[in-house]
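The values are calculated or read from the model by the stated rules, or taken from the named source; none is laboratory data. The shown structure was predicted, so the numbers you read here are calculated from the model rather than taken from an experiment. All Cβ positions, glycine included, derive from the backbone under ideal geometry; neighbour counts span all protein chains shown.
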Amino acid sequence: MQRSFLSRLTGLAAWFAALLIAFPIIWMLVTAFKTERAAIAVPPLLIFKPVLGSFAAATAQTGYLSFALNSIIVSLGATLFAVIIAFPAAYAMAFRPGRHTQGLLIWMLSTKMLPPVGALVPVYLIYRDVGLLDTRTGLIILNMLMNLPLVIWMLFSFFKDIPAAILEAALVDGVNTRQQMQHLLLPLAAPGIASTALLSIILAWNESFWSINLTAAHAGTLAAFITRFSQPEGLFWAKLSAASVLAVAPVLLFGSLTQRHLVRGLTFGAVK
Amino acid sequence: MAGGTKVGGRREGRGWPLLSPAVIVLGIWSVVPLAMTLWYSTRYYNLLDPGRHFFVGLRNYDLLFSDPGSLTAIANSIILVASVLVISLIVGTALALLLNAEFPGRGAARLFAISPFFVMPPVAALIWKNLLLNPLNGLLGWMMGLFGLPVIPWFSTAPMVALIIIVSWEWIPFATLILLTALQSLDSSQIEAARMDGAGPLARLRYIILPHLGRPVAIVVMMETIFLLSIFAEILTTTSGGPGDATTTLTFLVYIRALLDFNVGGASAAGVLAIVLANIVGLFLMRSVARSLNR
């Protein structure tokens, strides 16, 4: 009896804490449905007539759609290239490990130790000279580089979970490496590849440092859009909230899908 | 390496064509920017003064370390990282313990608790700056007023505290998620046995659960440190490093030097310092990850 009361109390406390953590997001969502006047009302309005005007105003903002399109192209493009490069590498390390495999994995992880700001000057100068400043290609390259170690590690850790005997059996049947990867590993590891790709998309979508510093009018992603939008229009809370909701919603959705494998990816397999 | 993963006893040489694209790409990425930053850090080079571009030895470093602003920036970086680490670990552990219990709607509650992790930095910063912490119209100001507390103009009187609040909110979910995963891998029979032996909840926490969290805590500390040293958009959208240099971190200092002052040499020297700091932490991380590979 006492125990069930205690566990009910724990459940209540857990729900309260979880909602408290999520509250700023919920409050942003609420604000997005207010008029500008209602958004800054004191005391804050809890009961109000929801309007969609702020969403219309935010999306009508010059360039909003192209920023959104840039976010989609950059995050998908960077992820596609990262997975294409990582897939064979992870295959080789998982199924044909050699003396150098472990050192290689650690070295790949070590490339994450370069803080973006340590590469800012050279990347800026190179991009300026080859005309990659403010281009989607430039952002795709950088996001791909930032995510590649993580994608390789995550794929590697998923591949290790696949029994090698299955691939071995195919080899006996005279299947070559390419066929093995394409017809066996790809379908077998599909859920793992999907989780990896989702995490890479999320990270690229939210990437702000390069997007803010290397883009202007053409290739900016939504992170850059929100940052710039906030400067002259910071007082329009409802509009800003609506724009933010639209920028965050897809990733919140993706995030809830890949939640289970998030830890494996973010800790490079150190915690499973 | 776990046994039985070798296919057909092939030699490792066969793997190189498959590995080379990744190795080449990452090889370039790990050498070229670093070499260029090192090179520029020994040169006088300002984009606003394009005619002059020459070797100055260690003068940029000399200027960097004799400038009180850069010492402030290093101190600010350390304060930000350390505070966020402490807060996210304490709150994260508490949250993970709560969310590890059995209760209705646990999956949904977990999703709510980790949701801030998916919010992009400028959005996270702006929610707090405007909707919550604004002294005139913000929700928190109004709530504090209800309790008779003074209204605090956060970003002018306590900018670092405000920044720490924002960044902690972003990183609590990361700590929670990793500690929660670790808790779930804890053998429940062990806890049950301790309970049977008369160990109370506090004793179980102290002697079984917390020791089990040692390694995941280390991972959280190291991963978060690497990301926290690079915090940028949150500062840009809230304080722009100010007032004065109250919230200028090392990362933000490099940004100011490079893209506002166009001082390539000075920015590179500060960049090298940032790289060194990150790699000190990184070394520990890699050792701990390498150990997990061998398990």
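Of note:
Residue by residue, here is whether (1) in contact with a strand residue (DSSP E or B) (Cβ under 7 Å, 6 or more places away or on another chain); (2) modelled with pLDDT of 90 or more; (3) hydrophobic (A, V, I, L, M, F, W, C) holds:
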| position | (1), (2), (3) |
| --- | --- |
| A:Ile126 | no, yes, yes |
| A:Gly131 | no, yes, no |
| A:Leu139 | no, yes, yes |
| A:Val172 | no, no, yes |
| A:Thr177 | no, no, no |
| A:Leu184 | no, no, yes |
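- Wholly within the stretch A:159-272, helices (runs of 4 or more DSSP H) carrying at least 2 residues that are closer than 29 Å to A:Ile141 by Cβ: A:190-206, A:209-214, A:222-233, A:237-266
- Residue within the stretch A:253-267 that is modelled with pLDDT of 85 or more, within 30 Å of A:Trp27 (Cα to Cα) and within 10 Å of chain B (Cβ to nearest Cβ) present: yes
- Within the stretch A:193-203, the set of residues being away from chain B (no Cβ under 11 Å) and out of contact with any Phe, Trp or Tyr (no Cβ under 9 Å at 6 or more places or on another chain) comprises A:Ala194, A:Ala197, A:Ser200.
- Top-ranked residue in the stretch A:84-109 [being at pLDDT 85 or above and closer than 30 Å to B:Ala73 by Cα; ranked as surrounded by the fewest Cβ atoms within 10 Å (Cβ to Cβ)]: A:Trp107
- Test: residue in the stretch B:245-253 that is of a type in the set (A, V, I, L, M, F, W, C) and surrounded by fewer than 19 Cβ atoms within 10 Å (Cβ to Cβ): yes
- A:Ile73 farther than 30 Å from A:Ala39 by Cβ, more than 13 Å from every other protein chain (Cβ to nearest Cβ) and out of contact with any Asp or Glu (no Cβ under 7 Å at 6 or more places or on another chain): yes
- Some residue of the stretch A:126-147 being within 7 Å of chain B (Cβ to nearest Cβ), farther than 22 Å from A:Leu222 by Cβ, in contact with a helix residue (DSSP H, G or I) (Cβ under 9 Å, 6 or more places away or on another chain) and not charged (D, E, K, R): no
- Number of the condition not met by A:Leu150 [criteria: (1) within 25 Å of A:Ala249 (Cα to Cα); (2) surrounded by fewer than 21 Cβ atoms within 10 Å (Cβ to Cβ)]: (2)
- B:Ser83 being under 19 Å from the mean Cα position of the chain (by Cα) and surrounded by fewer than 19 Cβ atoms within 10 Å (Cβ to Cβ): yes
- Options B:Ser77, B:Ser88: the member that is touching a residue at least 40 places away in the same chain (Cβ under 8 Å), more than 11 Å from chain A (Cβ to nearest Cβ) and crowded, with 16+ Cβ neighbours inside 10 Å: B:Ser88
- Conditions (1) part of a helix (DSSP H, G or I); (2) more than 9 Å from chain B (Cβ to nearest Cβ); (3) closer than 22 Å to B:Ser288 by Cβ; number of the one not met by A:Trp107: (2)
- Inside the stretch B:40-74, residues that are surrounded by fewer than 16 Cβ atoms within 10 Å (Cβ to Cβ) and either in contact with a Pro (Cβ under 9 Å, 6 or more places away or on another chain) or within 18 Å of B:Leu229 (Cα to Cα) (or both) make up a count of 2.
- Every condition in (1) at negative phi; (2) without any contact (Cβ under 8 Å) to a residue 60 or more places away in the chain holds for B:Phe174 except the one numbered (2).
- Within the stretch A:148-185, being among the aliphatic types (A, V, I, L, M), more than 9 Å from chain B (Cβ to nearest Cβ) and under 22 Å from A:Ser75 (Cβ atoms) holds for A:Leu150, A:Val151, A:Met154, A:Leu155.
- Across the stretch B:194-231, the number of residues qualifying as under 11 Å from the mean Cα position of the chain (by Cα) and hydrophobic (A, V, I, L, M, F, W, C) comes to 9.
- Conditions (1) closer than 24 Å to A:Val151 by Cα; (2) surrounded by fewer than 24 Cβ atoms within 10 Å (Cβ to Cβ); (3) at the interface with another protein chain (Cβ under 9 Å from one of its Cβ atoms): number failed by A:Thr227: (1)
- Filter result (at pLDDT 80 or above, within 9 Å of another protein chain (Cβ to nearest Cβ) and more than 19 Å from A:Leu120 (Cα to Cα)) within the stretch B:4-54: B:Trp16, B:Pro17, B:Leu18, B:Leu19, B:Ser20, B:Pro21, B:Ala22, B:Val23
- Test: residue in the stretch B:102-125 that is modelled with pLDDT of 90 or more, assigned to a loop (DSSP other than H, G, I, E, B) and more than 7 Å from every other protein chain (Cβ to nearest Cβ): no
- Any chance A:Leu222 is at pLDDT 90 or above, in contact with a Phe, Trp or Tyr (Cβ under 7 Å, 6 or more places away or on another chain) and closer than 30 Å to A:Tyr91 by Cα: no
- Enumeration of residues in the stretch A:3-52 that are in a helix (DSSP H, G or I), within 29 Å of the chain's Cα centre (by Cα) and more than 7 Å from chain B (Cβ to nearest Cβ): A:Phe16, A:Leu20, A:Phe23, A:Ile26, A:Leu29, A:Val30, A:Ala32
- The helices (runs of 4 or more DSSP H) falling completely within the stretch B:186-295 that include 2 or more residues that are more than 9 Å from chain A (Cβ to nearest Cβ) map to B:188-196, B:201-204, B:214-228, B:233-238, B:264-293.
- Single unsatisfied condition, B:Pro135 versus (1) out of contact with any Pro (no Cβ under 6 Å at 6 or more places or on another chain); (2) over 24 Å from A:Leu257 (Cα atoms); (3) part of a loop (DSSP other than H, G, I, E, B): (1)
- Filtering the stretch B:101-153 to residues that are among the polar types (S, T, N, Q) and surrounded by 19 or more Cβ atoms within 10 Å (Cβ to Cβ) leaves B:Ser115, B:Asn130, B:Asn134.
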